[in-house]
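Worksheet: one structure, shown below.
The values are calculated or read from the model by the stated rules, or taken from the named source; none is laboratory data. Quick caveat: nothing in here was measured; it's all calculated off a predicted structure. Neighbour counts are summed over all protein chains in view; Cβ atoms, including those assigned to glycine, are modelled from backbone coordinates with ideal geometry. Accessible surface is based on the protein model in full, side chains and every heavy atom, while ligands, DNA and RNA are left aside. Shrake-Rupley method; radii C 1.70, N 1.55, O 1.52, S 1.80 Å.
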Amino acid sequence: MLDKSSDGCVGPLRGGPVFFSRRALHRCPGAEYPAGGIRRTATNRIQYRYPEGRDGMTRKGRTAAGSVTEMAAGGDGRAGQALELVHQGRRLLELARIPGAQRKFQQAVRLCATLVAARSYLALTYLLQQQYDLAVSEAQAALVLDPDHVLALTTLARAEAERRHEAEAKAAARRALRALWFRTRAGQADPEDVTSVAAALAAVADDRRLHQLYRLCVRGMPGPWDPETLMVLGIAAFNVGRYREARWLWRTVLSQCPGLEDVLRAFLFVVDAIERDRIPPLTLDYRLPAATSLAAADNPPGYVRAIALRTLWEGEDERAQAAALDLLSRLNDPWVAGFLFHVVRDPDLPDSLKMKAGLWLVERGFLAEDEPLEMHVEGALQEVLIRPFGATRLPPEVARWFEEAMEASEQGDDEAAEDGYRRVLAAVPGFVPALINLANICRHSGRLQEAEELLARALQEDPSDPVVLLHVAVLRAQQENYKAAEVILGSLNPAELPRDLRTSYYGLAGHVALQLDRPNAAINAFRRGLAEDPGNEQLVAALGAARLLAGEYFRRVNLRSRRPRWLRQVIDPDLSWLDGLARYTVPHLRSLARRLAVRCASRLRKAQLAEVTAQALRRGLAAVWQRLEPQERAALLWLHGQGGIASYAALQDRFGSAEGDWSDWERHEPTSVPMRLQWWGLVFVGRLAGGAEPVAVIPPEVRLRLAALWRRR
């Protein structure tokens with residue numbers, strides 16, 4: 001048998017029989033702690049007099065347990081020489097002279113093969129030189145001699161992590177933390193031990209145990225502490241949600257290392273952004289600038305992600321902000337979807353970046369192409385449809401040509417813009433935006449035939465694209481084919497167009513209506529265009545001209561033609577509650593769903609939205625009844641007494657006119673009783689088949705549920 005002496009060398013067993021004590025262990029996360037005592041077996045020191053030592057070297061003020069010849073199995077001072085070589089190697093390590101230090105440790109091992117410190121430091125040099133197999137071999141050899149040697153355990157953990165042996169690396173890191181705990185209980189640990197263990201736990205990304213290390217060994221201790229260790233402990237605290245501790249640790253490093261200011265400022269920004277709900281919670285990895293090699297583009301280090309987040313919100317160069325957004329949007333982390341939804345709703349970011357984020361939402365599959373998205377654009381929170389132009393993606397160089405062409409067009413240089421668009425189309429013939437923009441240039445310069453050919457190519461790429469169809473309608477109007485333009489405009493839904501093109505749509509619709517001698521339709525189109533863009537001087541002038549052309553005809557227009565659509569729709573008195581809600585527009589349904597606290601209403605299609613709204617009304621009918629005003633309750637009771645159906649005019653005669661109260665009530669709360677009953681989805685209005693006058697109907701299902709509710713009361 002062998003005996004491990006206090007010097008770290010191993011010799012024959014001396015003395016009598018050996019007794020092993022089986023003491024109870026207290027278990028807690030990350031380590032096992034012996035009950036009621038300090039570990040008294042081998043430590044990580046060799047008892048040799050050097051004023052400073054670490055991991056196999058003595059500390060200041062400690063005396064040697066015996067002479068050098070007693071420490072060596074073979075005598076003649078070889079252990080002392082080996083210790084001197086270890087001391088010299090450590091000095092070289094501090095100067096980053098790794099090959100020279102490695103030679104010193106190798107000489108020490110040849111002199112005393114059982115010197116734990118020499119083997120541990122030799123393993124460390126192999127690790128630093130990325131010779132991971134040799135590092136593992138030497139660390140394991142040291143651990144045979146001293147199973148609890150901190151430096152050997154941490155070196156083994158880091159080398160196994162580099163070899164992608166996750167289980168072995170985690171086991172070694174846990175053993176290192178346990179050994180450090182025993183050393184701390186015995187008063188033998190020092191900041192270098194904490195640094196080694198922190199590096200090992202960071203290599204296996206053990207956030208919980210790193211935070212435990214901070215709480216056990218660092219918090220409340222004066223230090224001094226290695227700045228990189230404090231950064232790692234700050235990342236661990238951040239990852240487990242202890243933002244206050246992370247902020248304190250990073251600020252401490254910032255005061256010590258101004259050279260890391262960019263990284264630390266980025267970390268601090270991310271903490272503040274999460275606490276202010278500007279971005280969703282996320283985690284950072286432990287790759288730091290000094291130790292990070294070139295990473296894959298789809299997996300940048302955590303500090304790069306933090307810098308990108310700070311650049312996105314605090315950067316002054318919009319190109320740098322766009323590059324940061326692209327980098328973050330390509331990540332496969334679970335927080336990216338929430339991050340993009342935060343971006344599109346942030347009022348402080350440029351609209352161009354928010355539109356880019358919307359495109360990323362569609363491209364990553366977080367949002368359907370035709371699904372409305374609530375965005376903060378043009379100074380207000382509103383629903384927007386994100387529809388990428390065409391299915392073709394541009395290579396980076398071609399994308400740069402396209403941007404240059406658009407810049408030239410904005411500056412009025414149509415010749416340079418045309419050259420740029422043709423260059424793009426030569427590389428990617430089916431790129432729809434370039435086809436549209438080049439067609440516009442041709443149309444403005446009178447080359448209508450070429451413009452038509454370009455738009456025909458765009459339609460071949462996407463026959464249902466409303467933007468392409470709108471430009472075709474413009475071309476037909478310029479060719480004075482107003483009937484064809486009217487047909488195309490009638491097939492379009494303005495809500496599917498980008499917001500900046502809706503004004504053009506209504507302006508064109510008004511112009512076509514005037515050419516077809518329909519002044520009332522023109523006035524209606526111009527008014528709707530002004531609702532989209534109230535300050536548009538061209539629409540104001542066009543509206544005035546349309547009024548002059550309309551003359552007395554407009555003032556005598558039949559009131560019925562201005563009634564809302566639902567007043568003219570046929571209604572079945574026996575319709576279900578769901579069928580009644582399906583008569584509403586999507587904005588109507590979303591308004592009602594929000595009042596009923598339906599979650600994710602903006603992400604549902606109309607059929608789904610109607611169904612979940614009907615379910616919410618069924619569950620919350622009693623609460624809705626409580627929110628009704630006395631007059632509204634009386635109107636429901638009266639209509640119920642009429643068999644659930646009555647003339648809409650009679651309802652207005654009894655409880656107040658709804659005239660002028662019907663427009664845009666999905667945004668503005670109506671005030672009249674008939675409209676408020678519809679606003680709550682309890683009464684539906686339309687005309688009976690074969691009838692002319694509208695009627696108000698309570699669906700039979702609603703009547704039954706209301707009757708049951710009234711009986712309980």
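Looking at Ala509, Ala451, Ala473, just one residue is closer than 26 Å to Val384 by Cα and open to solvent by less than 20 Å² (accessible area, probe 1.4 Å), and that residue is Ala473.
Restricting attention to region 428-447, the residues being surrounded by 15 or more Cβ atoms within 10 Å (Cβ to Cβ) and part of a helix (DSSP H, G or I) number 12.
Taken over region 110-169, the criterion of being acidic (Asp, Glu) and not in a helix (DSSP H, G or I) is satisfied by Asp146, Asp148. Tally up the residues in region 160-206 that are open to solvent by 40 Å² or more (accessible area, probe 1.4 Å), closer than 17 Å to Tyr286 by Cβ and touching a residue at least 40 places away in the same chain (Cβ under 8 Å), please. Count: 4.
Annotation: of all residues in region 592-616 being open to solvent by 70 Å² or more (accessible area, probe 1.4 Å) and part of a loop (DSSP other than H, G, I, E, B), the one that is modelled with the highest pLDDT is Ala597.
Within region 439-460, residues that are free of Cβ contacts under 8 Å to residues at least 60 places away in the same chain have Cβ atoms under 6 Å from residues that are open to solvent by 60 Å² or more (accessible area, probe 1.4 Å) in these pairs: Ile441/Asp414, counting only partners at least 6 apart in sequence or on another chain. Scan region 210-251 residue by residue and report those that are at pLDDT below 90, open to solvent by less than 30 Å² (accessible area, probe 1.4 Å) and in contact with a Phe, Trp or Tyr (Cβ under 8 Å, 6 or more places away or on another chain). Selection gives Val218 alone.
Residues are listed down the side, and each one gets a yes or a no for (1) among the polar types (S, T, N, Q); (2) farther than 22 Å from Leu549 by Cα; (3) without any contact (Cβ under 8 Å) to a residue 60 or more places away in the chain; (4) out of contact with any Ser or Thr (no Cβ under 6 Å at 6 or more places or on another chain):
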| position | (1), (2), (3), (4) |
| --- | --- |
| Arg476 | no, yes, yes, yes |
| Ala484 | no, yes, yes, yes |
| Val487 | no, yes, yes, yes |
| Glu496 | no, yes, no, yes |
| Thr503 | yes, no, yes, yes |
| Leu516 | no, no, yes, yes |
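Where helices (runs of 4 or more DSSP H) fall wholly inside region 617-706, the ranges with 1 or more residues that are exposed (fewer than 14 other Cβ atoms within 10 Å of the Cβ) and within 45 Å of the chain's Cα centre (by Cα) are 621-627. Filtered by the rule that a residue be among the small types (Gly, Ala, Ser) and either farther than 20 Å from Arg447 by Cα or in contact with a Phe, Trp or Tyr (Cβ under 6 Å, 6 or more places away or on another chain) (or both), region 409-421 gives a lone residue, Gly420. A residue that is out of contact with any Pro (no Cβ under 8 Å at 6 or more places or on another chain), among the aliphatic types (A, V, I, L, M) and modelled with pLDDT of 85 or more cannot be found anywhere in region 651-667. Going by the structure shown, is Leu264 at pLDDT 85 or above and under 15 Å from the mean Cα position of the chain (by Cα)? Against the criterion (at pLDDT 85 or above and under 15 Å from the mean Cα position of the chain (by Cα)), Leu264 does not qualify. Within region 454-465, being crowded, with 21+ Cβ neighbours inside 10 Å and not small (Gly, Ala, Ser) holds for Leu454, Leu455.
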